[in-house]
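One structure below.
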Amino acid sequence: VGGNVYMRQIPRGNVILGRPTDPSVTVSVLLRAGGGVRVAHGPQGSGLKLRTAAVPLAAGEPREIVLDGLEPNAAWEYRVLDATTGEPLFPETGTGSFHTCRAPGSPFTFTVQADSHLDGNTDPALYAACLANALADRPDFHVDLGDTFMTDKRRDYRTAAPQYDAQRWFLGKLGASAPLFLVLGNHDGE
């Protein structure tokens, strides 16, 4: 399964959340053509009143933006905007959402996947459906247990970029609203 096929489906790029803490979350933004972005955000239901400073992005290189000073144990919404025009970029439809770390002892939801491989034995439609099912659970975060990037299945590690591109496309479908934690599997970098 070639990563370039998936990257053509997201010509502008995408966003994946990570590292949720009490007062912060990290937003990883990828712009295929480069440019600048701002992240508009606010408590869920209160509007996107807060905005980050403009952040430049090189073409095809993800950049992390930390949203800090957030209220702990709270639901938040966000939107990645073009820094110049203010045009909404990501998520592609509507706003994204996340929850800062919940108070100790509070219930929370997380989802787990493992061994997606994304190789010739993978059914891309089934993989997308699995990620959609995980998103439907509205998890506080998602854990990928590895064998995701499969770099040891390549003769030359320098040919692995399409696999990362393809997984970024798939994981972005869930990771725009569920911070992602990656665990290395035995095929991820041996």
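Residues in the range 148-190 that are of a type in the set (A, V, I, L, M), closer than 13 Å to ASP119 by Cβ and in a helix (DSSP H, G or I): ALA166 alone. The set of residues in the range 148-173 that are touching a residue at least 60 places away in the same chain (Cβ under 8 Å), among the aliphatic types (A, V, I, L, M) and either open to solvent by less than 50 Å² (accessible area, probe 1.4 Å) or in contact with a strand residue (DSSP E or B) (Cβ under 8 Å, 6 or more places away or on another chain) (or both) comprises ALA166, LEU171. Looking only at the range 45-55, residues that are over 16 Å from ARG12 (Cβ atoms), not in a loop (DSSP other than H, G, I, E, B) and not charged (D, E, K, R) come to 1 in all. Taken over the range 130-147, the criterion of being assigned to a helix (DSSP H, G or I) and either open to solvent by 30 Å² or more (accessible area, probe 1.4 Å) or acidic (Asp, Glu) (or both) is satisfied by CYS130, ALA132, ASN133, LEU135, ALA136. Among the conditions (1) without any contact (Cβ under 8 Å) to a residue 40 or more places away in the chain; (2) over 19 Å from the mean Cα position of the chain (by Cα), ALA83 misses just one, which is (1). Taking the numbered list (1) modelled with pLDDT under 95; (2) surrounded by 15 or more Cβ atoms within 10 Å (Cβ to Cβ) in turn, ALA125 passes all entries but (2).
Selection within the range 71-95: residues that are in contact with an Asp or Glu (Cβ under 8 Å, 6 or more places away or on another chain) and open to solvent by less than 40 Å² (accessible area, probe 1.4 Å). The member of this set that is farthest from SER24 (Cα to Cα) is LEU89. Of all the criteria given as (1) assigned to a strand (DSSP E or B); (2) over 25 Å from PRO162 (Cβ atoms); (3) open to solvent by 40 Å² or more (accessible area, probe 1.4 Å), the one not satisfied by GLU64 is (2).
Once the range 147-170 is narrowed to residues that are more than 13 Å from the chain's Cα centre (by Cα) and polar (S, T, N, Q), the residue that is nearest to LEU131 (Cα to Cα) is THR148.
The residue pairs whose first member lies in the range 42-58 and is within 23 Å of HIS99 (Cα to Cα), whose second member is outside any loop (DSSP other than H, G, I, E, B) and open to solvent by 70 Å² or more (accessible area, probe 1.4 Å), and whose beta carbons are closer than 6 Å, counting only pairs six or more residues apart or on different chains, are GLY42/LEU50; ARG51/ARG38; THR52/ARG38.
The values are calculated or read from the model by the stated rules, or taken from the named source; none is laboratory data. Not measured: the values here are computed from a predicted model. Neighbour counts are summed over all protein chains in view; Cβ atoms, including those assigned to glycine, are modelled from backbone coordinates with ideal geometry. Just so you know, the surface numbers come from the protein's heavy atoms only, side chains and all, with ligands and any DNA or RNA stripped out. Shrake-Rupley method; radii C 1.70, N 1.55, O 1.52, S 1.80 Å.
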